[in-house]
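Peer 1: Following this message is one structure expressed as structure tokens.
The values are calculated or read from the model by the stated rules, or taken from the named source; none is laboratory data. Because the structure is a prediction, the values reported are computed rather than measured. Please note: Cβ atoms are built from the backbone with ideal geometry, for glycine as well, and neighbour counts cover all protein chains shown.
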Amino acid sequence: MKLVFISKDPQELHSALHQLWAEGVLTAQSLLSYSAVSFTCQPTFDLVFFASIRAAEFYLAQCAPPAIFGVAGSETALKIEQIFGLKAAFVAQNSGNPAQEAEVFNQWRANRSVLFPSSNLSLGTYAKLIPEQQKKILPVYQTNFKQQHIDAHQVYVFSSPSNVSAFFETNDLAENAQIIAWGKSTQKALNDRGIAVTHTLLKDQQTELLEWLKAANFY
């Protein structure tokens, strides 16, 4: 049985986790692919909120950069700054708990209207607290499931609810495996399938995962 599976591609991993992948400790494989959908730019909103780097990439490929925007975590903020040279005005500090951060964002926006570029499978957590007349959810890309066989592992790290759904379309968990959830939304997706989660990564997820693997003697 292999050691650790994570539903992220190797290039998405920080240096220390990438090194574990290079050493064969990790199997890193996203179970998702993404494709553009047709949409019209919406310039009339006060703010834009990007829940992921993909939402930013697909939106900014067609639309002018927003003057003010927020993001759902520090990793997304860093990637947008590196790729596009844009700095987020709001960065969720506890990305693993989106329900809590949605409340913080709703207070921060101070009744300003918000555009949410999103996936067709977006949970819309940040938009739920905002009145309909002050928001628009704009699908800018489609999330597709890969039919990918995953070998048995001792630990499975699921990085999103969509990766959970994609995994169970063609795979089963190994017996007695430990299950790591990337945030509370992923934890709920696993719990909804009757799967007990060993540990949930909440803040700096990649660092927290590295620390958990070390404490569990996987490297």
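Peer 1: Show the residue pairs meeting these rules: Cβ distance below 6 Å; 6+ apart or different chains; first residue within region 61-89 and outside the structural domain of residue 49 (by TED's automatic domain parsing); second residue of a type in the set (Phe, Trp, Tyr) and at pLDDT 95 or above.
Peer 2: If the second residue must be of a type in the set (Phe, Trp, Tyr) and at pLDDT 95 or above, no pairs are left.
Peer 1: Within region 181-197, take every residue that is in contact with a strand residue (DSSP E or B) (Cβ under 8 Å, 6 or more places away or on another chain) and touching a residue at least 40 places away in the same chain (Cβ under 8 Å) and give me the one that is surrounded by the most Cβ atoms within 10 Å (Cβ to Cβ).
Peer 2: Out of the qualifying residues, it is 182.
Peer 1: Same structure, new question: Check whether at least one residue in region 138-145 is surrounded by fewer than 16 Cβ atoms within 10 Å (Cβ to Cβ) and at pLDDT below 95, and report yes or no.
Peer 2: No; the residues of region 138-145 include none that is surrounded by fewer than 16 Cβ atoms within 10 Å (Cβ to Cβ) and at pLDDT below 95.
Peer 1: Assess whether residue 145 counts as being within 24 Å of residue 37 (Cβ to Cβ), hydrophobic (A, V, I, L, M, F, W, C), in contact (Cβ under 8 Å) with a residue 40 or more places away in the chain and touching a helix residue (DSSP H, G or I) at 6+ places or on another chain (Cβ under 9 Å).
Peer 2: yes
Peer 1: Quick check on residue 152: is it among the small types (Gly, Ala, Ser), crowded, with 19+ Cβ neighbours inside 10 Å and at negative phi?
Peer 2: On the way: among the small types (Gly, Ala, Ser): yes; crowded, with 19+ Cβ neighbours inside 10 Å: no; at negative phi: yes.
It is false that residue 152 is among the small types (Gly, Ala, Ser), crowded, with 19+ Cβ neighbours inside 10 Å and at negative phi.
Table: residues versus (1) over 16 Å from residue 140 (Cα atoms); (2) of a type in the set (A, V, I, L, M, F, W, C).
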residue	(1), (2)
55	no, yes
75	yes, no
83	yes, yes
87	yes, no
99	yes, yes
106	yes, no
109	yes, no
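Peer 1: So, one more: Do the conditions hold for residue 162, that is, is it at pLDDT 95 or above, crowded, with 16+ Cβ neighbours inside 10 Å and either farther than 24 Å from residue 109 by Cα or not assigned by TED's automatic domain parsing to the domain that holds residue 9 (or both)?
Peer 2: Yes.
Peer 1: Here are 137, 179: which of them is on the phi < 0 side of the Ramachandran plot and not assigned by TED's automatic domain parsing to the domain that holds residue 50?
Peer 2: Result: 179 is the single residue among 137, 179 that is on the phi < 0 side of the Ramachandran plot and not assigned by TED's automatic domain parsing to the domain that holds residue 50.
Peer 1: State yes or no: is residue 14 modelled with pLDDT under 95 and not assigned by TED's automatic domain parsing to the domain that holds residue 139?
Peer 2: Details: modelled with pLDDT under 95: yes; not assigned by TED's automatic domain parsing to the domain that holds residue 139: yes.
Considered against the rule, which asks whether it is modelled with pLDDT under 95 and not assigned by TED's automatic domain parsing to the domain that holds residue 139, residue 14 comes out as yes.
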